[in-house]
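Values in this text are rule-based calculations from the coordinates and carry no lab data. As the structure is a prediction and not an experimental result, all values here were calculated from the model. Glycine also receives a Cβ, built like all others from the backbone with ideal geometry; neighbour counts cover every protein chain displayed.
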Amino acid sequence: MLNRLFAQFSGPRGPLGEIAGLVMAHKNRALNAWIVSVLDAGPEDRVVEIGYGPGLAVEANAARALRGCVAGVDRSEVMWRHARRRNAAAIAAGRADLRVGDATALPFGDAAFTRALAVNSLQFWRPPEAGLRELRRVLAPGGRLILAQRLHKPDAGRFDRSRFGMTDERLAALLALLRGAGFAPAEPVRRAIGGETLAAIVATR
Ligand SMILES: C[S@@+](CC[C@H](N)C(=O)[O-])C[C@H]1O[C@@H](n2cnc3c(N)ncnc32)[C@H](O)[C@@H]1O
């Protein structure tokens, strides 16, 4: 049962997906708040998020980009519904555009955004390179991308999502993928939040 719930985080579906969405909305709040502060969108920014899940970062970015906009794709229809509910006011005001879609084929125009982010999502993209290429296409020159990844904890218990986290080797490989896709990534910043360690990679297009 626990493993079936964990499996949902890659693309929530059905009744168990509804529960996974509620768990993420509760457990991911502090980490999304941190990432939004690192992304540091201003009033005029146009922000795109891949794998927005229940829409916590969408909500926080929409509160910043007051004269800009926030858009995103998630491949889960359940998450689309949760995120739309959470961001109903910004959607009604025409400041948020959330779609069901895949990281590897973004339904947005070239250079449409100034900021981009993905929180614990890239590990599910097939292949991740295609998603990074798409992000480069939709980001304007000089735009900022943040990728946040939970790090692997070797002694993580059964209930700890860190057992599925990214190893240092995979993090180094991700930096190489970013460079290959035309980004200039900085060294990852690490932060312990709620018993997990997160890495944030800030990359410039
Ligand atoms: C672990 S959840 C994280 C959700 C959210 N970012 C958060 O921090 O609460 C991963 C999300 O990425 C989405 N996802 C996975 N693969 C995707 C893909 N190829 N394209 C778009 N979204 C994807 C899933 O549906 C899920 O909502």
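Suppose the Debye formula is applied to equal point scatterers at every Cα of the chain; what is log10 I(q)/I(0) at q = 0.11, 0.18 Å⁻¹?
So the normalised log intensities work out to -0.46, -1.33.
Measuring from label point to label point, each 7 Å out along Cα→Cβ, what is the ASN3 to GLU187 span in nm?
Roughly 3.8 nm, to one decimal.
So who's got an amide H within less than 5 Å of the one on GLU196, skipping anything under 5 residues away but keeping other chains? H placed 1.01 Å off N, in plane.
none
Could you order peptides 83-96, 137-150 by the average number of other Cβ atoms within 10 Å of their residues, highest first? Walk me through the intermediate numbers first.
Numbers: 83-96: 16.6, 137-150: 20.1.
In descending order of packing, they fall as 137-150, 83-96.
Fully extended, how many nm does the chain gain between ARG158 and ARG126 (0.36 nm per residue separation, minus their Cα-Cα distance)?
8.9 nm
State whether the range 132-194 is rounded, prolate or oblate according to the following rule on the C-alpha gyration tensor (a ≥ b ≥ c being the square roots of its eigenvalues): a/c under 1.5 gives rounded; otherwise a/b larger than b/c gives prolate, and the remaining case gives oblate.
Judged from the Cα gyration tensor, the range 132-194 comes out prolate (a/c at least 1.5, a/b above b/c).
Could you sort the peptides 32-41, 190-199, 71-80 by per-residue average Cβ neighbour count (10 Å cutoff), highest mean leading? Could the numbers behind the result be given before it?
Numbers: 32-41: 19.0, 190-199: 14.9, 71-80: 22.9.
Highest-to-lowest ranking by the protection proxy: 71-80, 32-41, 190-199.
Can you give the Rg to Rh ratio for the range 41-154, taking only C-alpha atoms and Rh from Kirkwood?
Radius of gyration relative to Kirkwood radius: 0.95.
I want to check the label-to-label distance for VAL38 and LEU22. Put each point 7 Å from Cα in the C-beta direction and report it in nm to one decimal.
According to this spin-label approximation, the distance is 3.0 nm.
Please give the calculated 222 nm ellipticity per residue for the chain, where each DSSP H segment of at least 4 residues contributes -39500 (n - 2.57) and the sum is spread over every residue; nearest 500 deg cm²/dmol?
Working: 8 runs with 80 residues, N = 205.
The per-residue figure over the chain is -11500 deg cm²/dmol.
In what sequence, highest mean first, do 47-56, 155-164, 98-107 appear when ranked by Cβ atoms within 10 angstrom?
Working: 47-56: 27.7, 155-164: 12.6, 98-107: 17.0.
Descending packing order for the listed peptides: 47-56, 98-107, 155-164.
What does the charge count around ALA33 come to, taking other residues whose C-beta lies under 13 Å from its C-beta (Lys +1, Arg +1, Asp -1, Glu -1)?
Local net charge: +2.
Out of the DSSP beta bridges found with both residues in the chain, what percent are antiparallel (nearest 5)?
40
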